[in-house]
Amino acid sequence: MRVPAVFLSAIAVLVLSGCEQETDGESESVTVPVEAAGATDAAEPSTPLEVGQSTPMAERVATIGLLNKRNNVTKDFELRPGESVEDGPVILTLAACERTAPFEMPQETGAFVQVDVRERGDDEHTRVFSGWLFKENPSLNVVEHPIYDVWVKNCAMAFPGDE
């Protein structure tokens, strides 16, 4: 037990004696190759991600379903962000649609939808819903209307690497 303590103190004396060397004021520079410098830092990604790699918002296409509960008629509408469609007394407006990348879990699809309905006897439409609707979890945000039901079916967009 006494031997390791003596050994450690001898090493400490040798290390400290090397610190007392005088230098002539010039510092030594060491050049490290770029490949070696990048290999030691694993926290930085090798290629930075660029903004806007998925489909631009204007080129996305959402499929929105509309159900009339009175006559049990279902219709699908394909809309681009900013477009509206009028079906009888209902106006559907799509503001945006999003889908998670194929490599992200869980897979989710959502659309920001505005629903305006003109009731009988009214001259103007009344906004009954404005918000995000989600395909995989429709109970998060529900269009509460006694006659019409609206839901997201798809958001067509591409990601890098999609063929």
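Here are the numbers for this structure:
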| item | result |
| --- | --- |
| Label point at Gln53 placed 7 Å out along Cα→Cβ; residues across segment 98-135 whose backbone nitrogen lies under 12 Å | 101-104 |
| Distance in nm between pseudo-label sites at Ala156 and Asn71 (7 Å out along the Cβ direction from Cα) | 2.7 nm |
| Pairwise label distance in nanometres, Val61 with Arg127, each label 7 Å out on the Cα-Cβ vector | 2.8 nm |
| Label-point separation in nm, Gln114 to Asn137, each point 7 Å along Cα→Cβ | 2.6 nm |
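None of the figures in this text is laboratory data; all of them are computed from the coordinates on show. Predicted model, so just to flag it, every value in this text is computed and none were measured. Glycine gets a Cβ as well: all are built from the backbone with ideal geometry, and neighbour counts include every protein chain shown.
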